[in-house]
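J.: I am attaching a structure below and will ask some questions about it afterwards.
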Amino acid sequence: MMETFQSAPRAVRHDTRIVSILAAVIGLAVFLIDALTPLDIAIAVLYVIVVLLVSSTGNRTATVTTAWGCVLLTLVGFILSHDETVSSGALARCAVSLLAIVTTAILTLRNQSATTKMQEQLELLNLAHDAIVAHDMNDRITFWNRGAEALYGFSAQEALGQPIQRMTQSSSPVPHALIRTELLRSGHWDGEITRVRHDGSEIVIASRAALLRDAKGLPRAVLATSNDITQRKRMEAEVQRQREELRKTIDVIPGMVWSSSSDGRLIFINRRWNDLGVALDEGGGDIWRTIVHPADLAQMQRDWQAAIAAGTPFENVSRIRGGDGGYRWMHIGAEPLRDGAGQILRWYGVNTDIEARKQAEHALRRSEAFLLDAQRLSRTGSIATRLPAGTMWWSDEAYRIFDYPRDVVPSIDAILAHTHPDDIAIVRGVHEAAASGACEIDVEHRLLLPDGAIKHVHFVAHRASSESDGDEYVGALMDVTETKLAQEALARSTAELAHVTRVTMLGELAASIAHEVTQPMAAIVTCGGAGLRWLGREKPDIAEAQESITQMIRDAKRASEVIARIRAMARKRDSQPATLDLNEIVGETIELVRRELERYRVDVRTDLAMPSPTVVCDRVQLQQVLINLIMNAAQAMSGVNGPRILRIATGASSRDPGCAQITVQDSGTGISEENARRLFDAFFTTKAEGMGMGLSICRSIIEAHGGRIWAESPDEGGARLRFVLPENEGGDNEH
Ligand code: ADP
């Protein structure tokens, strides 16, 4: 069994004194008995006890001195107790005593030097930083160095003799029995043990234990060195936690994260790859082959090899197979990680899903193509103007409409250069309005292109503002040339149709017209005859003759006015809008058709507003409308037995502010609900001889002058036709 060692200097000094006194007392007693008593025994042998006692203090000099002292006392005692006659037995006893003292002294000195050496070695063990503990095979602690005191907080005095496992509440992933078995088997064990310190805190130690056997090979003790690895363990756990967190973070990144060796072999892939059914053990670099679309693989590998060779960042866009077997567009990018010397250690890459972006790009390209097509087909270009700089952007179709090649920089000057000279002021005005912040722009103007062609364009734009880009006008430029030409053609054919129907109408009114003309003619003839008679008297009555001639002139004027009106109606001419007095037109028209009205026995009643409203309209066309309405009314009343009353009224419109209104109301058959819907349609007629063009032309004429026409069925029966025309408030009458 191993001795227990631990230095305790003060106690040792205390013991030394007692031992020295005891040794002196025993030495003195032995000397007195030896010298003064006649005992024939080798009492001097007991000096051995004195030597042993002194030597137990560990003091080498004192031991040597004591031994010599004892030898001296033995000799002195021998001389004093014997006279001249010394028996051989006494001599032998003295020699034995001396031999015993010397032998004991030599042995104790040797033992002392061995003990000193061992103490020194134990001191060295105490100096060791590690905790060094020895315990016997019953776990009792036999050695406990300062390192152990510092580590576990138990002093050597507290620890020595205690069962180590129980005192430190040892626990280890490996059961204690197994550790013991291993120690007995191999003589060694090392591993981690968790122990509880004196203050109750828990520590983890790395322990290395060795088994000590005695000469017979029997296990005697265990020596263990331990050091505190609690901090290291904590750091390892923290590093592990951080590593796992990083791993989890990398796993949840919405991209396929990977790293490769410097030569491009994949060495790490995150969980997203596993979602695709790809595992790293599929063959390193060949994973790409299994997931990249065959059509993209060659290019991807070329880019990758080029990046590896040049050490430059790697970028590629390829289709990557998804977990469902379908391919999705991905951006593959990687950056090299270099060491201090610039050598590439690893590549770190991520594949980002850009399928949605690709789809959006595709959709954008398609809608751009659609837009281009739509713009070409509808002849509509787009123009965007950034404010306040005035920088412009034109679409392809806008370039085509302005007749500029694509390399011309869009600008207001470029637009003005191709604007019809008469419309330049309009375009400038609109541009200035936009610059001063107008919200909406709606303008029509003409372009005069270098080849002399004229285009009509309609430009609409609105102001749009965005936080990042500032204000901008976004607009559509429509080439309305064809529409304009069609409108003009339509206006021409409408005019022609109106003319034809007027001529037809004149035919119908022939009797009336003839009457209008023949009546003043007859009057002229009558007045002429009367004039001649007044002059043929013996005494010519000049005054009466003058009166007759004046009457003749008046009638002739009336006739020529009628003829002029008829000629105007018959003439083929363009619309000539003028400011007209409505009451005057109504009166003239009634005069023109008076004969017809009489024929139909129509009672005409007028209700004309004073002062007379004025409108801007073509005189002949307005008369045509009125004649049409009056004749339709007369015809509608022809089949009616009751009173035939035609009311013609002028006045301001109550429903259309700023418009004058004319009402032609009859007491005729009226208009059925069914017919009312088609009344103004071309070729709609209920008459055997009718053409069905009258009301249709009336509507074209009224609408062309900015008015509208409609029919009503009054409660008292008959029909009421009404139309409104914008009133001319300036009041410049045509005369
Ligand atoms: P048309 O006189 O050649 O028939 P219009 O266009 O002038 O052509 O008239 C179309 C139809 O409208 C007429 O056939 C008639 O049935 C109806 N209509 C027009 N004015 C009146 C009215 N004042 N009263 C009843 N029906 C009318």
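J.: Take Arg595 and tell me if it is part of a loop (DSSP other than H, G, I, E, B) and more than 15 Å from the ligand (Cβ to nearest atom). Spell out the reasoning first.
T.: Working: part of a loop (DSSP other than H, G, I, E, B): no; more than 15 Å from the ligand (Cβ to nearest atom): yes.
No.
J.: It is to be established whether one or more residues within region 373-389 are assigned to a helix (DSSP H, G or I), at negative phi, surrounded by 14 or more Cβ atoms within 10 Å (Cβ to Cβ) and not aromatic (Phe, Trp, Tyr).
T.: Scanning region 373-389 turns up at least one residue that is assigned to a helix (DSSP H, G or I), at negative phi, surrounded by 14 or more Cβ atoms within 10 Å (Cβ to Cβ) and not aromatic (Phe, Trp, Tyr).
Conditions (1) aliphatic (A, V, I, L, M); (2) farther than 30 Å from Thr225 by Cα; (3) free of Cβ contacts under 8 Å to residues at least 12 places away in the same chain, marked per residue:
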{"residue": "Ile43", "(1), (2), (3)": "yes, yes, no"}
{"residue": "Gly58", "(1), (2), (3)": "no, no, no"}
{"residue": "Thr74", "(1), (2), (3)": "no, yes, no"}
{"residue": "Ala114", "(1), (2), (3)": "yes, no, yes"}
{"residue": "Ala128", "(1), (2), (3)": "yes, no, no"}
{"residue": "Gly153", "(1), (2), (3)": "no, no, no"}
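J.: Give the residue, chosen from Arg247, Arg243, Arg195, Arg234, that is surrounded by 16 or more Cβ atoms within 10 Å (Cβ to Cβ), under 60 Å from the mean Cα position of the chain (by Cα) and of a type in the set (Lys, Arg).
T.: Being surrounded by 16 or more Cβ atoms within 10 Å (Cβ to Cβ), under 60 Å from the mean Cα position of the chain (by Cα) and of a type in the set (Lys, Arg) holds for just one of Arg247, Arg243, Arg195, Arg234, which is Arg195.
J.: Here's something else I'd like to know. Quick check on region 513-524. Is at least one of its residues in a helix (DSSP H, G or I), touching a Cys at 6+ places or on another chain (Cβ under 8 Å), over 18 Å from Asp618 (Cβ atoms) and of a type in the set (Ser, Thr, Tyr)?
T.: Checked region 513-524: no residue is in a helix (DSSP H, G or I), touching a Cys at 6+ places or on another chain (Cβ under 8 Å), over 18 Å from Asp618 (Cβ atoms) and of a type in the set (Ser, Thr, Tyr).
J.: In this structure, does Pro643 turn out to be of a type outside the set (Phe, Trp, Tyr), farther than 19 Å from Pro613 by Cα and open to solvent by 50 Å² or more (accessible area, probe 1.4 Å)?
T.: yes
J.: Shifting gears a bit: Which residues, taken from region 253-287, are crowded, with 16+ Cβ neighbours inside 10 Å and either under 29 Å from the mean Cα position of the chain (by Cα) or in a helix (DSSP H, G or I) (or both)?
T.: Matches in region 253-287: Gly255, Met256, Val257, Trp258, Ser259, Ile269, Asn270, Arg272, Trp273, Leu276, Ile287.
J.: Any residue in region 159-168 that is at pLDDT 90 or above and more than 21 Å from Phe143 (Cβ to Cβ)? Before you say what the answer is, go through the steps one by one.
T.: Of region 159-168, the ones at pLDDT 90 or above are 159-168.
Checking the rest, the ones that are also more than 21 Å from Phe143 (Cβ to Cβ) come to none.
No, region 159-168 has no match at all.
J.: Being among the aliphatic types (A, V, I, L, M), surrounded by 15 or more Cβ atoms within 10 Å (Cβ to Cβ) and over 30 Å from Ala568 (Cβ atoms) narrows it down to one of Val480, Val517, so name that one.
T.: Exactly one of Val480, Val517 is among the aliphatic types (A, V, I, L, M), surrounded by 15 or more Cβ atoms within 10 Å (Cβ to Cβ) and over 30 Å from Ala568 (Cβ atoms), namely Val480.
J.: Of Val620, Val615, Val604, Val562, which residue is among the β-branched types (Val, Ile, Thr), in contact (Cβ under 8 Å) with a residue 12 or more places away in the chain, more than 22 Å from Cys659 (Cβ to Cβ) and open to solvent by less than 30 Å² (accessible area, probe 1.4 Å)? It would help to see each step written out before you state the result.
T.: On the way: Val620 fails: more than 22 Å from Cys659 (Cβ to Cβ); Val615 fails: more than 22 Å from Cys659 (Cβ to Cβ); Val604 fails: open to solvent by less than 30 Å² (accessible area, probe 1.4 Å).
Of Val620, Val615, Val604, Val562, the one residue that is among the β-branched types (Val, Ile, Thr), in contact (Cβ under 8 Å) with a residue 12 or more places away in the chain, more than 22 Å from Cys659 (Cβ to Cβ) and open to solvent by less than 30 Å² (accessible area, probe 1.4 Å) is Val562.
J.: Also: In region 583-601, what residues are more than 23 Å from His499 (Cβ to Cβ) and in contact (Cβ under 8 Å) with a residue 40 or more places away in the chain?
T.: Asn583, Arg594, Leu597, Arg599, Tyr600, Arg601, listed by residue number.
J.: If you check Glu467 against the conditions, is it of a type in the set (D, E, K, R), surrounded by fewer than 17 Cβ atoms within 10 Å (Cβ to Cβ) and either under 28 Å from Gly706 (Cα atoms) or at pLDDT 90 or above (or both)?
T.: No; evaluated as a whole, the condition is false for this residue.
J.: Would you confirm whether or not region 727-734 contains a residue that is in a strand (DSSP E or B), modelled with pLDDT of 90 or more, over 16 Å from Val604 (Cβ atoms) and within 15 Å of the ligand (Cβ to nearest atom)? I'd like the intermediate steps shown before the answer.
T.: Taking region 727-734 and keeping what is in a strand (DSSP E or B), we get 727.
Now drop any that are not modelled with pLDDT of 90 or more, which leaves 727.
Within this subset, residues satisfying the condition of being over 16 Å from Val604 (Cβ atoms) are 727.
From the residues that got through so far, the ones that are within 15 Å of the ligand (Cβ to nearest atom) too are none.
No, region 727-734 has no match at all.
J.: Then there's this: What strands (runs of 3 or more DSSP E), lying completely within region 607-725, carry at least 1 residues that are away from the ligand (no atom under 12 Å from the Cβ), of a type outside the set (Val, Ile, Thr) and in contact with a His (Cβ under 6 Å, 6 or more places away or on another chain)?
T.: Details: elements: 614-618, 645-652, 659-665, 708-712.
Correct list: 614-618.
J.: Here's another thing I want to ask about it. Of all the residues that make up region 171-192, how many are assigned to a loop (DSSP other than H, G, I, E, B), in contact with a strand residue (DSSP E or B) (Cβ under 9 Å, 6 or more places away or on another chain) and open to solvent by 40 Å² or more (accessible area, probe 1.4 Å)? Show your work before the answer.
T.: Going residue by residue through region 171-192, those that are assigned to a loop (DSSP other than H, G, I, E, B) are 172-175, 187.
Narrowing further to those that are in contact with a strand residue (DSSP E or B) (Cβ under 9 Å, 6 or more places away or on another chain): 172-174, 187.
If we keep only those that are open to solvent by 40 Å² or more (accessible area, probe 1.4 Å) too, we end up with 173-174.
So the answer is 2.
J.: More than 30 Å from His418 (Cβ to Cβ), of a type in the set (Ser, Thr, Tyr) and assigned to a helix (DSSP H, G or I), is that true of Thr483?
T.: Details: more than 30 Å from His418 (Cβ to Cβ): no; of a type in the set (Ser, Thr, Tyr): yes; assigned to a helix (DSSP H, G or I): yes.
The answer is no for Thr483.
J.: Sticking with this one: Is it true that His458 is out of contact with any helix residue (DSSP H, G or I) (no Cβ under 7 Å at 6 or more places or on another chain) and open to solvent by 60 Å² or more (accessible area, probe 1.4 Å)?
T.: Details: out of contact with any helix residue (DSSP H, G or I) (no Cβ under 7 Å at 6 or more places or on another chain): yes; open to solvent by 60 Å² or more (accessible area, probe 1.4 Å): no.
For His458, the condition - out of contact with any helix residue (DSSP H, G or I) (no Cβ under 7 Å at 6 or more places or on another chain) and open to solvent by 60 Å² or more (accessible area, probe 1.4 Å) - is not met.
J.: Given the structure, is Thr494 of a type in the set (Val, Ile, Thr) and open to solvent by less than 60 Å² (accessible area, probe 1.4 Å)?
T.: The answer is yes for Thr494.
J.: May I ask you to list the residues in region 332-358 that are open to solvent by 100 Å² or more (accessible area, probe 1.4 Å) and part of a helix (DSSP H, G or I)?
T.: Arg357 - this is the single residue of region 332-358 that is open to solvent by 100 Å² or more (accessible area, probe 1.4 Å) and part of a helix (DSSP H, G or I).
J.: Looking at Ile671 and the list (1) of a type outside the set (Gly, Ala, Ser); (2) out of contact with any Asp or Glu (no Cβ under 7 Å at 6 or more places or on another chain); (3) under 20 Å from Thr589 (Cβ atoms), which single condition is not satisfied?
T.: Against the list (1) of a type outside the set (Gly, Ala, Ser); (2) out of contact with any Asp or Glu (no Cβ under 7 Å at 6 or more places or on another chain); (3) under 20 Å from Thr589 (Cβ atoms), Ile671 comes up short only on (3).
J.: Give me a count of the residues in region 354-394 that are free of Cβ contacts under 8 Å to residues at least 24 places away in the same chain and hydroxyl-bearing (Ser, Thr, Tyr).
T.: 2
J.: Anything in region 288-322 that is open to solvent by less than 40 Å² (accessible area, probe 1.4 Å) and either in a loop (DSSP other than H, G, I, E, B) or more than 20 Å from Glu355 (Cβ to Cβ) (or both)? List them, or say none. Before you say what the answer is, go through the steps one by one.
T.: Let us first name the residues in region 288-322 that are open to solvent by less than 40 Å² (accessible area, probe 1.4 Å), namely 288, 291-292, 296-297, 300, 304, 307-308, 311, 314, 316, 318, 320, 322.
Of everything in region 288-322, those that are open to solvent by less than 40 Å² (accessible area, probe 1.4 Å) and either in a loop (DSSP other than H, G, I, E, B) or more than 20 Å from Glu355 (Cβ to Cβ) (or both) turn out to be Trp304, Ala307, Ile308, Gly311, Phe314, Gly322.
J.: Criterion first (farther than 17 Å from Asp618 by Cα, crowded, with 19+ Cβ neighbours inside 10 Å and free of Cβ contacts under 8 Å to residues at least 60 places away in the same chain) does Arg677 satisfy it?
T.: no
The values are calculated or read from the model by the stated rules, or taken from the named source; none is laboratory data. None of the values given here were measured: they were computed from a predicted structure. Ideal geometry is used to build each Cβ from the backbone, glycine not excepted, and the neighbour counts take in all protein chains shown. Accessible surface is based on the protein model in full, side chains and every heavy atom, while ligands, DNA and RNA are left aside. Shrake-Rupley method; radii C 1.70, N 1.55, O 1.52, S 1.80 Å.
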